[in-house]
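Asks: Mind having a look at this structure? Questions to follow.
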Amino acid sequence: MPSIFTRIISGEIPGKFVFKDERWVALLDISPANPGHVLLIPVAEAQYLNDLPGGTLAALGDRLKRLITAVKKATGAPAVNVLLNDGPAANQAVPHAHLHLIPRFPGDHKLVHPKGTPYGDGELDSWAAALQRAWA
């Protein structure tokens, strides 16, 4: 069954688009963290970002750069959160890869990154090594 985003992109469900092209669309989030909160959504439906076609991923940088600029210009926000919830365990609500661009203002307290826990003795090196092996 197509995701709600696929249904919006196809016109089956209405959406307020910022732009639409052959690989990416941007539309307003209907429950924004701040006014001007935009979703950047690939036309190709895949739950995880790394499952998207190579051409779609290659086009992401340009679309993201232009959309960040547009969000800041339209909202007057001095900063933007770019968030990706890549899978259900990461709090992904719609099983279709997408990025949130949220305009941020000093003192808005809309999103706060949870305070992490420092690594224990030797853990930083161990995790770095594990990730370096996975990268190779």
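The values are calculated or read from the model by the stated rules, or taken from the named source; none is laboratory data. It should be emphasised that the depicted structure is a prediction, and the values quoted were computed from it without experimental measurement. Note: ideal-geometry Cβ built from the backbone for every residue, glycine included; neighbour counts use all protein chains shown. Note: accessible area is taken over every heavy atom of the protein model, side chains too, but ligands, DNA and RNA are not part of it. Shrake-Rupley method; radii C 1.70, N 1.55, O 1.52, S 1.80 Å.
Asks: Rounded to the nearest 10 degrees, what's the angle between the helix 54-75 long axis and the longest principal axis of the chain, both from Cα atoms, 0 to 90?
Replies: Approximately 70 degrees, to the nearest ten.
Asks: Continuing with this model, one more query. Using a 1.4 angstrom probe, figure out how much accessible area the range 1-128 has per residue, in square angstrom, rounded to the nearest whole. Walk me through the numbers before you get to the answer.
Replies: On the way: 7990 Å² over 128 residues.
So the range 1-128 comes to 62 Å² accessible per residue, rounded to a whole number.
Asks: Accessible area of the chain with a 1.4 Å probe: how many percent of it is carbon plus sulfur?
Replies: Numbers: 5210 of 8880 Å².
Carbon and sulfur together cover 59 percent of it.
Asks: Also, I was wondering about something else. Please give the charge dipole size of the chain, origin at the Cα centre, charges +1 on K and R Cβ atoms and -1 on D and E Cβ atoms. Round to the nearest 20 debye.
Replies: Once rounded to the nearest 20, the dipole reads 580 debye.
Asks: Let me ask another. Karplus couplings for the range 127-135 from phi (6.51 cos²θ - 1.76 cosθ + 1.60, θ = phi - 60°), rounded to Hz, Gly and Pro as x?
Replies: The phi angles translate into 5, 4, 5, 4, 6, 5, 5, 5, 5 Hz.
Asks: Please report, in whole Å, how far the alpha carbons of the range 45-129 spread along each principal axis, starting with the longest.
Replies: 46, 38, 23
Asks: Just from the alpha-carbon atoms, what are the Rg and Dmax of the range 1-95 in angstroms?
Replies: Computed over the Cα atoms of the range 1-95, radius of gyration and Dmax are 13.1, 39 Å.
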